[in-house]
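Engineer: Below is one structure. I have some questions about it.
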Amino acid sequence: GIINVEQAWTVTRGTPTTVTGITDGGVDLRHPELQDSIFQHPGEIAGNGVDDDNNGKVDDTSGWDFTDNDNVADGEGSDHHTHVHGIAHARQGTSGATGV
C-alpha cells in the first residue's frame with residue numbers, strides 16, 4: 001500500500017503503551033475493534049464528580065471533549081472520529097479492519 005504498513009509490521013506491530021491524541025469529534029467507545037485501544041486515565045475514578053488525577057478535568061476517564069468542554073468523549077452524531085481512530089488503532093477483529 002501507499003504507506004507500506006505490511007513492511008512496517010515486519011519490524012513492529014506497535015505497543016499498547018503508546019498513547020496518541022486524535023483531534024476530531026467523538027469516538028464510538030463501544031466499537032469492538034477499538035474498545036481495548038481507548039486510553040483510560042488510571043488516576044481518574046469514573047462518575048464521582050472529582051478531578052482525581054488533578055489535571056483540571058473532572059471524570060475524564062476516556063478523554064476530554066474540548067469542543068463541548070465536557071468529559072463525554074463518546075460519538076456525537078458522526079462516525080468520522082471513529083474511522084480516524086480505527087486507522088491508527090483498530091485491533092484485528094471480525095470487521096476485517098486493522099489499524100496501522
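Engineer: Using a probe of 1.4 angstrom, how much of the accessible area of the chain is carbon and sulfur, in percent?
Structural biologist: Here carbon and sulfur together make up 53 percent of the probe-accessible area.
Engineer: Another question, then. Can you tell me the 0 to 90 degree angle between the C-alpha axis of helix 80-89 and the longest principal axis of the chain, rounded to 10?
Structural biologist: Approximately 60 degrees, to the nearest ten.
Engineer: At a temperature of 25 °C and a viscosity of 0.890 mPa s, determine how fast the chain diffuses translationally according to Stokes-Einstein, using the Kirkwood radius over alpha-carbon pairs as Rh; express D in µm²/s, rounded to the nearest whole number. Don't skip to the answer; put the middle values down first.
Structural biologist: Numbers: Rh = 14.8 Å.
My calculation gives 166 µm²/s for D.
Engineer: Placing +1 on the Cβ of each Lys and Arg and -1 on the Cβ of each Asp and Glu in the chain, which of ILE3, THR18, ALA46 has its Cα farthest towards the positive end of the resulting dipole?
Structural biologist: The Cα lying farthest towards the positive end belongs to ILE3.
The values are calculated or read from the model by the stated rules, or taken from the named source; none is laboratory data. What you are looking at is a predicted structure, and each value in this text was computed from that prediction instead of being measured. Cβ: placed from backbone, ideal geometry, glycine included. Neighbour counts: every protein chain shown. The protein model used for the area step is the full one, side chains on, heavy atoms only, and it has no ligands, DNA or RNA in it. Shrake-Rupley method; radii C 1.70, N 1.55, O 1.52, S 1.80 Å.
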